Amino acid sequence: SEMKETVNRKMILTNYLYHSLDKNELYLHFQPQIDAKSEKISGFEVLLRWMHPKMGMVSPAEFIPIAEQTGLIKSIGLWVFRSACEECVQCENETNDEIRIAINLSMEQLKEPGIVDQFERIVQETGIDPCRIEVEITESIAFNQEFDVLHVLKKIKKVGFLIAIDDFGKEYSSLNRIRSFPVDRLKIDMDFVHGISSGSPKDRAVVKTIIQLAKNLGAKVLAEGVETQEQYEFLKEHECDEMQGFYFYKGIASS
């Protein structure tokens with residue numbers, strides 16, 4: 001009965017997801033990223049949210065895999081990219097501040113032929129400076145052997161975008177591969193950050209190692225999921241460049 005309920009829910013969500021864009025049910029949250037030294041906002045991670053009138057708030061962990069399996073992630077992903085760029089330009093015009101936005105990409109998006117050309121077209125149409133955009137992929141995607149990710153990342157880098165590796169340290173990192181990637185930022189997975197508060201010497205050692213690795217590669221490092229002062233002080237002490245998490249801000253809904 002539980003399996004049947006799960007299958008039925010997935011079918012219903014799939015049906016609804018096909019019409020989510022047309023019905024304006026999708027919207028963006030912007031999670032502030034904080035410079036560790038100045039404690040000022042240095043950028044924002046773009047987070048996709050879905051509020052359905054009947055199903056309520058649907059978790060990204062539930063609907064994004066459906067979007068990837070159905071191919072809807074291609075149209076939804078382009079909408080996210082364009083909307084985030086438009087919001088960024090509007091905010092810069094109103095505040096005269098330069099803003100960096102981090103946009104997550106899935107494997108299905110990277111495999112789409114001409115995806116980089118489409119991103120470049122959006123950049124030209126919105127007038128955003130490409131160096132304000134950070135393309136974010138997970139570690140598992142970066143080191144996937146079945147697809148030439150590096151080729152696509154080099155094209156992305158050529159446009160002028162920044163590149164970040166998310167959830168770093170959670171998968172099976174290859175130091176041989178990471179040194180050949182045009183990476184601007186490594187993001188420490190929140191599980192390790194939370195381990196700081198538990199007093200786990202191994203988690204603390206991993207965090208310190210990732211910070212040092214990033215610096216040796218000439219990349220910035222950002223810690224995700226920072227929730228306590230203890231975590232913040234530990235990361236700052238060991239020269240983590242940036243942080244994000246509920247200790248500073250929750251996600252800010254788009255206008």
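The values are calculated or read from the model by the stated rules, or taken from the named source; none is laboratory data. Because the structure is predicted, anything quoted here is derived from the model rather than measured. When we count neighbours, we look across all protein chains shown, and the Cβ atoms used for this are built from the backbone with ideal geometry, even at glycine. With ligands, DNA and RNA removed, areas are computed over all heavy atoms of the protein, side chains included. Shrake-Rupley method; radii C 1.70, N 1.55, O 1.52, S 1.80 Å.
Some observations on this one:
- For segment 152-226, the alpha carbon convex hull comes to 88 Å³ per residue, rounded to a whole number.
- Measuring against 30 Å, Cα to Cα, the residue pairs Lys37/Lys170; Lys10/Lys154; Lys111/Lys202; Lys74/Lys155 contain Lys10/Lys154; Lys111/Lys202 as the ones spanning a longer distance.
- R0 of 25 Å, Cβ-Cβ distance Lys208-Lys40: FRET efficiency to nearest 0.05: 0.55
- Dividing the summed -39500 (n - 2.57) terms of all DSSP H runs of n ≥ 4 by the residue count of the chain sets its mean residue ellipticity at 222 nm at -14500 deg cm²/dmol.
- Computed FRET value (nearest 0.05) for Phe147 with Met3, which takes r as the C-beta separation and R₀ as 30 Å: 0.45
- For Glu227, the amide hydrogen comes within under 5 Å of the amide hydrogens of Tyr247, counting only partners 5 or more places away or on other chains and with H modelled in the peptide plane.
- Loop-resident sites, segment 118-172, for chymotrypsin sites (Phe, Trp or Tyr not before Pro), counting at most 13 other Cβ within 10 Å (DSSP): Phe147, Tyr172
- Additional length obtainable on full extension of the chain from Glu92 to Lys236, 0.36 nm per residue less Cα span: 49.0 nm
- Using a probe of 1.4 angstrom and keeping all protein chains present, the accessible surface of segment 126-213 works out to 47 square angstrom per residue.
- Across the accessible surface of segment 76-211, with the other protein chains kept in place and a 1.4 Å probe, carbon and sulfur atoms take up 47 percent.
- Rounded tilt (10° steps) of 2-17 against the dominant C-alpha axis of the chain: 80 degrees
- Between helix 60-70 and the chain: long-axis angle, C-alpha atoms, 0 to 90°, nearest 10: 60 degrees
- Rounded to the nearest Hz, the phi-derived 3J(HN,Hα) couplings of segment 189-202 under the Karplus curve 6.51 cos²θ - 1.76 cosθ + 1.60 (θ = phi - 60°) are 4, 5, 4, 5, 4, 5, x, 4, 6, 6, x, 5, x, 6, where x marks glycine and proline.
- Span from the segment 88-123 Cα centroid across to the segment 140-166 one, whole angstrom: 15 Å
- 5 angstrom amide H check on Ala36, placed H, neighbours 5+ away: Glu242, Met243
- Taken over the alpha carbons of the chain as equal point scatterers, the Debye sum produces base-10 log I(q)/I(0) values at 0.07, 0.10, 0.14 Å⁻¹ of -0.25, -0.52, -1.03.
- Judged by the gyration tensor of its Cα atoms, with axes a ≥ b ≥ c, segment 1-46 is oblate; a/c meets the 1.5 cut and b/c is at least as large as a/b.
- Under DSSP loop assignment and at most 14 Cβ neighbours within 10 Å, longest trypsin sites (Lys or Arg not before Pro)-free interval of the chain: 55-178
- Relative to the 2.2 N^0.38 Å rule of thumb, segment 193-255 has a C-alpha radius of gyration ratio of 1.17.
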